[in-house]
Each structure stands twice: as structure tokens, then as C-alpha cells.
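Heads up: the structure comes next, in C-alpha cells.
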Amino acid sequence: MKETKDIILATAYKMFLNNNYEAVTINSIIKEAGITKGGIYHHYSSKEELFKAVIDKYVINAKTHSAVEFLSLNEMIEYTIKEAENHIQKKTKNNDCDQILPAQHISLFMAAFKYYPGFTKIGSISYRYEVEKWRSIIEMAIKNGEIRNDLDSEIAAINFLTVGTNVVINALLGGSIEYAITMYAKQLRELYKCIKV
């Protein structure tokens, strides 16, 4: 039973990722997943409910990080880079990497604002959580003398987060997600070099 639900979710995710919301139908998901109409309706009552489940699993839960304690800002940066690299290796191993471009993820994320009731609030809470996580480690790094003490910790946190949005631009310009991740690592490390003592 769980396997069927996983197949439905994975199929719907790829279809919503590669097509706009309006273009994806329950029938197209059924055909692509190789399941029956009853199989899909046993788990999801509508396309809207299925889309919400896709966003919950692949957008919201994918952004939830475990509470890892860091001893320095540099340690957090290196951990963040390693996590991005591991994510890409996993996608490459599953042959998903060519199909899953950052621009498609942004498109899916934007569709959530339109088709997922309450997503604006969820997205705002998630973003504030990420800013706070970076701000907290930056303040610790200032206190420990790791980085300059004249920084606005919130602005610095937003700057580090903004580097992540450049993954989309780098993937489009460089033509590959591997190039984008390489540039992501270089940008994070360069930003760190600019502020370290």
C-alpha cells in the first residue's frame, strides 16, 4: 500500500516539476505511474490534494534540516556545501539529475503559492527559520572572533541565503547542476573570506 502511494507521489512530483500545474491531470499521472484510477483515488481525492502532498514531501520537508550544532560559521558553510553535493550525487545515482533542474524547482515552488492554500505563510515561516539559523551562527562567529564584528548579522544571513538562489542562474548559464553546485561552493567560501578576521 505504501509502495503505491510512493509511486504516485514520485510520479506526480516529476510531472508537476516538468509541466505546469494546469497541464498535469489525474489521468496523465495514472498513465505515467501505471496504476489504476481506484489506486490513485484510494490515496488522494483530487489533483489539488495530490499536489499538496507533493509540495509537503518534496518542497517543505526537503527544506527541513535536522538541528546540527556547529562550532563555527566555516563549519556550517562546509556542511551546507557537502549537503548540496550529497543531494546531487543522490539524484545522479537515481538518474534524476538531468530532469531536475533548479529552475524547475523554482517553478514548482512558485506554483505552490498559487495552488497550495496557506503556502505563503508556510514559506514565510520556513524562510524566517533559515534566516534565523544563519543569523545565530553568524552572531556566534562574531562573538568568537571568527568574523568581523562590524557586520549586521541579519543582513549577512540573508546574503548567505541569497547565494543559494544563484544556483538557478549558474545552472542555466553553466548548463549543468554540477557546475551550479561548484559555483555555489565557491560563492559561499568567497563570501566567508570577505568577512573572516
Please give every one of the aspartates and glutamates within straight-line cross-link reach of K143, meaning a C-alpha to C-alpha distance under 19 Å, and leave out same-chain neighbours fewer than 8 residues apart.
E69, E75, E132, D152, E154
How many angstrom lie between the C-alpha centres of region 128-164 and region 1-29?
38
What's the local net charge at F51, with K and R +1, D and E -1, over the other residues with C-beta under 14 Å away?
+1
Nearest 0.05, what FRET efficiency do K82 and N20 give at R0 = 30 Å with Cβ-Cβ as r?
0.35
Of K47/K82; K31/K52; K47/K114; K37/K121; K57/K114, those spanning more than 24 Å from alpha-carbon to alpha-carbon
K47/K82; K37/K121
Residue order for I106, I195 - accessible surface, 1.4 angstrom probe, largest first:
I106, I195
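The values are calculated or read from the model by the stated rules, or taken from the named source; none is laboratory data. A quick note: this is a predicted structure, and the numbers were derived from the prediction, not measured. Cβ sites come from the backbone with ideal geometry, for glycine too, and all protein chains shown count toward neighbours. Areas reflect the complete protein model, heavy atoms only, side chains present, ligands, DNA and RNA absent. Shrake-Rupley method; radii C 1.70, N 1.55, O 1.52, S 1.80 Å.
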